[in-house]
Amino acid sequence: MSVAIRVIPCLDVDAGRVVKGVNFEGLRDAGDPVELAKRYNAVGADELTFLDVTASSGNRETTFDVVRTTAEEVFIPLTVGGGVRSADDVDRLLRAGADKASINTAAVDRPEVIREITHRFGSQVLVLSVDARRSTDPSLPSGFEVTTHGGRTGSGRDAVEWAREAADGGVGEILLNSIDADGTKEGFDVEMIAAVRAAVNVPIIASGGAGAPGHFPAAIAAGADAVLAASIFHFGPVDMIARVKQAIKEAGYPVR
Amino acid sequence: MAGPRVTVLDYGSGNIRSAVRALEHVGAEVTLSKDAKDIREADGLVVPGVGAFASVMQALKDVGAGPLIGRRIAGGRPVLGICVGHQVFFEEGVEHGIRTAGFGEWPGTVERLDAPVVPHMGWNTVDAAPGSRLFAGIEGERFYFVHSYAVQKWDFPVAQPRMTPPSVTWAEHGSRFIAAVENGPLSAVQFHPEKSGEAGAQLLANWLGTLA
């Protein structure tokens, strides 16, 4: 008996609509996050993540509506990230029906927000999202730098140190996204995963670089407890989650 | 035909919409409330709970839930605890060295899990108690857990005549811990059935099936 490796599709949501669309057959509306969430639930997703990329905060209300409707129809865990800056933001998401919130830039800017959130709601609600890239800067001992604003801005902060600090501060999970691997479809940055694994004992969700089912076992071998991806699921065959799980299972890890 | 009436105890704990919707999904008529009348009169009472043991106990005290829950149990009226709402029925919780008394329906201490990765987060199997009604037909399924603390020792005095011991379902993360207890009207589960997809829906349906 042991806990299954979680396979998590991530949907980018802009003003209540899925960005870039999803290429599933038979969908009435490929831009409807609720319909996609139901579909992913039906094909075996272990959790769902919505990343709110809405630029204008005035349109953020639509995200809450999407979270609300999804949580009423899909009975697997739902994480929502994007635009989370405070404990009050987390409160609104939880009240709408999210199970977890993920925080990124706001925590880099003001690390105290981690304790503010976890003291109020517990560690289990908070996922620290780390967008990290390789760096040759000698001031970064791990060789991985935290970036913000979707990987566009370097923070000068060591990614492994940051993960350790955030785990000590009470985050329940770390979503580790490799900016270098993201979009390459050439596989995960397993060295980065292993470096963070050695530093923290909270669960790690690995992200960035998945291009084929065969890429996933290496991320798990490096220490990931869960794997998150977007395009491989959105644009792959409809049974891609099952194929990824099969690859993970064949490598000897438990899946649901 | 109207389904069983269930009150989900509303005392300010995290995401309870999902519990309400999941129960409705399997046919319950759900009221979200902390009023004594709703707690007393429902066919079933669900006690949710996330976060710290001490703060959940405090919040339950603040709404005066303890005596109302106790009265339901004494009267044989079904109660289902979920996650920290499961843990509070044990004797005590220990967090960061601080001990907090629970409702003490069952012996045992809620303590931090000793595992390489904590929180225990994700879908795990259970070792269902023989004859379990909650797990009937779903003994081999996985359920969604999110917790860092659990009861890892069970010392129920089995030598008491005329007393049916609670039936205990175990799971494992680092060490074995109690995943569920079924004890007459009182049942409790460490995982989140409302987040456990079809298997969780079946467990909730099984519980509804036990309601008068």
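The values are calculated or read from the model by the stated rules, or taken from the named source; none is laboratory data. Keep in mind the model is a prediction, meaning the values are calculated, not measured. Note: ideal-geometry Cβ built from the backbone for every residue, glycine included; neighbour counts use all protein chains shown.
Structural remarks
- Answer from B:Gly93, B:Gly200 - the residue that is within 14 Å of chain A (Cβ to nearest Cβ) and assigned to a strand (DSSP E or B): B:Gly93
- Test: residue in segment B:143-154 that is closer than 21 Å to B:Val50 by Cβ, within 12 Å of chain A (Cβ to nearest Cβ), of a type in the set (S, T, N, Q) and in contact (Cβ under 8 Å) with a residue 12 or more places away in the chain: yes
- Any hit, segment B:155-169, residues being under 17 Å from the mean Cα position of the chain (by Cα), within 14 Å of another protein chain (Cβ to nearest Cβ) and buried (at least 24 other Cβ atoms within 10 Å of the Cβ): no
- Residues within segment A:152-165 that are away from every other protein chain (no Cβ under 14 Å) and either surrounded by 18 or more Cβ atoms within 10 Å (Cβ to Cβ) or part of a helix (DSSP H, G or I) (or both), tallied: 8
- Leading residue by the ranking (surrounded by the most Cβ atoms within 10 Å (Cβ to Cβ)) among those in segment A:169-226 that are β-branched (Val, Ile, Thr) and in a helix (DSSP H, G or I): A:Val196
- Condition met for A:Gly58 (away from chain B (no Cβ under 14 Å), touching a Pro at 6+ places or on another chain (Cβ under 8 Å) and either of a type in the set (D, E, K, R) or over 27 Å from A:Gly122 (Cβ atoms) (or both)): no
- Residue in segment B:72-84 that is at pLDDT 95 or above and either over 16 Å from B:Ser187 (Cβ atoms) or of a type in the set (Ser, Thr, Tyr) (or both) present: no
- Complete set of residues in segment A:75-95 that are more than 12 Å from B:Arg17 (Cα to Cα), of a type outside the set (Gly, Ala, Ser) and within 14 Å of chain B (Cβ to nearest Cβ): A:Ile76, A:Pro77, A:Leu78, A:Thr79, A:Val80, A:Val90, A:Asp91, A:Arg92
- Tally of residues being closer than 15 Å to B:Glu198 by Cβ and touching a helix residue (DSSP H, G or I) at 6+ places or on another chain (Cβ under 9 Å) across segment A:29-45: 6
- So A:Ala45, is it in contact (Cβ under 8 Å) with a residue 60 or more places away in the chain and within 30 Å of A:Val238 (Cα to Cα): yes
- Of the residues in segment B:71-79, at least one is surrounded by 15 or more Cβ atoms within 10 Å (Cβ to Cβ), in contact (Cβ under 8 Å) with a residue 12 or more places away in the chain, of a type outside the set (Val, Ile, Thr) and in a helix (DSSP H, G or I).
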